[in-house]
């Protein structure tokens with residue numbers, strides 16, 4: 001529940017599937033980057049979203 005998925009109220013249409021895919025993608029990326037503390041890294045990206053965007057677009061970013 002690192003991404004707060006249990007609190008999500010989206011239940012209809014394709015949105016739940018898209019959110020699940022995004023969740024899996026984020027967690028896979030964290031695993032690929034050998035992030036040891038996923039919750040801390042997500043909080044960091046929440047504070048510095050430009051770093052998250054840089055990681056996705058360029059494939060490079062300092063991971064905390």
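The values are calculated or read from the model by the stated rules, or taken from the named source; none is laboratory data. Worth saying up front: this structure is predicted, and the values here are computed from it rather than measured. Methodologically, a virtual Cβ is constructed for each residue, glycine included, from the backbone with ideal geometry; neighbour enumeration extends over all protein chains shown.
Selection of first residues in the range 31-54 that are at positive phi and touching a residue at least 60 places away in the same chain (Cβ under 8 Å) and of second residues that are part of a helix (DSSP H, G or I) and surrounded by 12 or more Cβ atoms within 10 Å (Cβ to Cβ), restricted to Cβ pairs under 7 Å at least 6 apart or on distinct chains, gives an empty result.
Quick one: in the range 1-20, of everything that is assigned to a helix (DSSP H, G or I) and either surrounded by 11 or more Cβ atoms within 10 Å (Cβ to Cβ) or within 10 Å of the chain's Cα centre (by Cα) (or both), which residue is modelled with the lowest pLDDT? Top of the filtered list is 5.
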